[in-house]
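J.: Okay, handing you the structure first.
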Amino acid sequence: MSTPIQSVPHPVPAFRLPGRDSLDVLLARTVDGDLDAFARLYTAIAGPVYGLARRVLRDAVQAEDVCQDTLVEVWRTAARFDPAQGSARTWIMTLAHRRAVDRVRAVRASMEREHRAGLLAYAVPYDEVAEEVERREDYAQVRRCMDGLSVRQRESVTMAYYGGFSYPEVAELLGLALGTVKSRMRDGLYRLRDCLQAAA
């Protein structure tokens, strides 16, 4: 399907997000190419996506770029959303967080390349391959342990630790009581801890 948006304007004014079910329905209709559903989904989620990108990047222009890229990705890959893994909101915010982090890493990598190019001193080599393998193994273990959480626990943990939201923000976005979110987070983190300790 062709992409119905070319650019992302400044975030829309503050509003109250529709409930989880509403966003899930709009995303499901987007899969079928429903432009009206996507426009409504865009209106509901563009502000939070931009806000998350701005918090990660601390740069308005780059945050707008990430917001645009995320929404284009939502349009193109909506069929990949799996409601069994969490809500549409969580899925979209995770996409946004991933893109924002990738942008930070790209900027840092560019700065590091420029820095290395300007160095005249000899740098002691180290085993980059072994370090990368270890990093990937750690990441894979965390993913396995995350998959062991319940859908509700994984949703809350993902929003708090990957999405960068506070507990009250998670509660508001999911339409839950703060105590419920705290309980899910506590139980989920205990299970993650036990899983990672068992794998150590």
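The values are calculated or read from the model by the stated rules, or taken from the named source; none is laboratory data. This one's a predicted model, so the numbers in the text were calculated from it and none came from an experiment. Cβ: placed from backbone, ideal geometry, glycine included. Neighbour counts: every protein chain shown. For the accessible areas, the whole protein counts, side chains as well, though only heavy atoms, and no ligand, DNA or RNA atoms are used. Shrake-Rupley method; radii C 1.70, N 1.55, O 1.52, S 1.80 Å.
J.: Between Val151 and Ala28, what length in nm is gained on full extension when 0.36 nm per residue of separation is reduced by their alpha carbon distance?
T.: Full extension from Val151 to Ala28 adds 42.4 nm.
J.: Applying the Karplus parametrisation 6.51 cos²θ - 1.76 cosθ + 1.60 with θ = phi - 60° to the phi angles of segment 31-42, what ³J(HN,Hα) value in whole Hz is obtained for each residue in order, glycine and proline being reported as x?
T.: 4, 7, x, 6, 5, 5, 5, 5, 4, 5, 4, 4
J.: From the protein chains alone at 1.4 Å, what is the descending order of accessible area for Arg29, Arg98, Arg184, Arg152, largest first?
T.: Working: Arg29 80, Arg98 120, Arg184 40, Arg152 155 Å².
If we order Arg29, Arg98, Arg184, Arg152 from most to least accessible, we get Arg152, Arg98, Arg29, Arg184.
J.: Hey, another quick one. What is the spin-label model distance, in nm, from Leu196 to Ala106 if the labels are put 7 Å beyond Cα along the C-beta direction?
T.: Between Leu196 and Ala106, the label points sit 2.9 nm apart.
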